[in-house]
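Worksheet: one structure, shown below.
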Amino acid sequence: MRDKLIYKLRSGKNMKFVYYSVNALRQMMPKWLFRLRLRRRLASLSGRKDREYIERRVDYYNKLKPGAALQTSAPTLGEHRITGQKVYYYDSYQYTRWFPDRFRWSFLPGDINFVPDCPSVVKSRPIGPDNANGVLLKLNKVRHFIFVNDPVPFERKKDMVIFRGKVKGKPLRRRFMEMYFGHPLCDLGDVSRNTTDPAEWRTEKKTIREHLEYKFVMALEGNDVASNLKWVMSSNSIAVMPKPTCETWFMEGTLIPDYHYIEIKPDFSDLEERLRYYMAHVDEALAIIRHANEYVEQFKNKEREDLISLLVLDKYFRMTGQERGR
């Protein structure tokens, strides 16, 4: 127990007890306080210098058009309750409490790697032109939205790539381990429990700080996105991955290969070639780090992030024919 507590304190991850404490207090606040302020809060967009930027992000997350159809059986916001996936309830309730309880929605918590049949609020969706029914909200942010201050410059890090993650039930990660476990440029380990995968893959977890001793960090998709991508891109290390197939509030679909991250082939066959190239071309590696850090900065303005979240939900209700004044 003591070792687990020390790991959590040193891991660099968000502290869940703080997260749950804040959300417990949030439950005690009456909804009407927020609903009284909603119209003015949304109207504040018109006077902002970053209005066009905000509108682009809202339209990226929510691609619905007028007349989007909800099922008549869709639950109301008033029926929204805590389930086994508490973080999804808390992260959505932070914004749904601003809207009338009578509004209806479809809400799909968890790792969503398919396009829903009807307009649904999700954490993740496939990247592509036909994913409008997946309306993105910033969900499970205690796990997914971690940013770091990395004091170690790229040049002083190890000339290797690191991967620590759960491999069990994740074919992409298993294929990668089969190809590169034991490779001299790779420090790889499987942190799965009760797995039938090779025992030599098994290892203990590493903290984020320990990951950042390496120049390169693998960002491999699991059930949907690679959850470590955000903190890697905020550091002085570089994310290495195939082109992503799923996206979240982080807008993975807008990332530019070899500009925000090092892209490798989907079959991983060029990993060593790509690593050695950026070891030899440090100036290009530093440019990727700079671009990645710049990309991350846009998500650090909490007041703006909250406004975008409200606008995404407001658009969801308007596009499905629900108006606040009715």
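How many percent of the accessible area of the chain is carbon or sulfur, using a 1.4 Å probe? Ligands and nucleic acids excluded, carbon and sulfur reach 52 percent. Based on C-alpha pairs under 8 angstrom that are at least 6 apart in sequence, the stretch 195-248 has a relative contact order of 34 percent. Restriction of the trypsin sites (Lys or Arg not before Pro) in the stretch 135-201 to DSSP coil positions whose beta-carbon has at most 16 other beta-carbons within 10 angstrom yields 166, 168, 193.
For residue 24, what is the net charge nearby, where nearby means another residue's Cβ is under 13 Å from its Cβ and Lys, Arg count +1, Asp, Glu -1?
Values: positive: 16, 26, 86; negative: none.
Once all neighbours under 13 Å are counted, the net charge is +3.
Which entries in the list 16/138; 265/302; 157/302; 16/243; 13/63 go over 24 Å, if you measure between the two C-alpha atoms of each? Beyond 24 Å between Cα atoms: 265/302; 157/302; 16/243; 13/63.
Residues 105, 32, sorted by accessible area with the largest first, give 32, 105 [1.4 Å probe; ligands and nucleic acids excluded].
Viscosity 0.692 mPa s, temperature 37 °C: give me the Stokes-Einstein translational D for the stretch 147-236 in µm²/s, with Rh taken as the Kirkwood radius over C-alpha pairs. Please report the intermediate quantities before stating the final value.
Values: Rh = 13.6 Å.
Once the numbers are plugged in, D ends up at 242 µm²/s.
Each Lys or Arg adds one and each Asp or Glu subtracts one; over the other residues with Cβ under 14 Å from the Cβ of residue 132, this totals 0.
Given R₀ = 30 Å, FRET efficiency for residue 45-residue 102 by Cβ-Cβ distance, to 0.05? Present the calculation step by step, with values, prior to reporting the outcome.
Working: r = 24 Å, r/R0 = 0.81.
Rounded to the nearest 0.05, the efficiency is 0.80.
Helices in the chain, meaning DSSP H runs of at least 4 residues, each add -39500 (n - 2.57). Divided by all residues, the mean residue ellipticity at 222 nm is -11000 deg cm²/dmol. Give, to the nearest whole percent, the P(r) tail of the stretch 9-153 beyond 20 angstrom, counting all Cα pairs. Of all Cα-Cα distances in the stretch 9-153, 59 percent exceed 20 Å. Put simply, the amide H of residue 158, placed in the peptide plane, has neighbours under 5 Å in 214, 215, leaving out anything fewer than 5 places away on its chain.
Please compute the length gained on full extension between residue 304 and residue 251, using 0.36 nm multiplied by the number of residues separating them and subtracting their Cα-Cα distance.
Numbers: separation 53, 0.36 × 53 = 19.08 nm, distance 1.58 nm.
Extra length from residue 304 to residue 251 when fully extended: 17.5 nm.
Show me 125-137, 238-250, 57-69 ranked by packing, highest mean number of other Cβ atoms within 10 Å first.
Values: 125-137: 18.6, 238-250: 22.2, 57-69: 16.0.
Ranking, from highest mean packing down: 238-250, 125-137, 57-69.
Normalised Debye scattering of the chain at q = 0.07, 0.08, 0.14 Å⁻¹ gives log10 I(q)/I(0) of -0.31, -0.41, -1.16, counting only Cα atoms as equal scatterers and leaving out solvent. Accessible-area rank, largest first, for 269, 234, 44: 269, 44, 234, with all protein chains present and a 1.4 angstrom probe.
Extending 7 Å from the Cα toward the beta-carbon at both residue 193 and residue 32 defines two label points whose distance is 4.6 nm.
Using C-alpha pairs under 8 Å with a sequence gap of at least 6, the mean separation divided by the residue count of the stretch 93-145 gives a relative contact order of 26 percent. Spin-label pair residue 79-residue 179: with each label point 7 Å from Cα along the Cα-Cβ axis, the two points sit 4.6 nm from one another.
Percent of Cα-Cα pairs more than 21 Å apart in the stretch 194-276, please. Kindly include the intermediate steps, with their values, before the conclusion.
Values: 1190 of 3403 pairs.
Considering the stretch 194-276, 35 percent of its Cα-Cα pairs are separated by more than 21 Å.
With every protein chain left in place, what is the accessible area per residue of the chain in square angstrom, probe 1.4 Å?
Working: 16140 Å² over 326 residues.
Accessible area per residue, the chain: 49 Å².
The values are calculated or read from the model by the stated rules, or taken from the named source; none is laboratory data. Model, not experiment: these values are computed from the prediction. Methodologically, a virtual Cβ is constructed for each residue, glycine included, from the backbone with ideal geometry; neighbour enumeration extends over all protein chains shown. Each accessible area value is taken on the protein alone, full model and side chains, heavy atoms only, with ligands, DNA and RNA left out. Shrake-Rupley method; radii C 1.70, N 1.55, O 1.52, S 1.80 Å.
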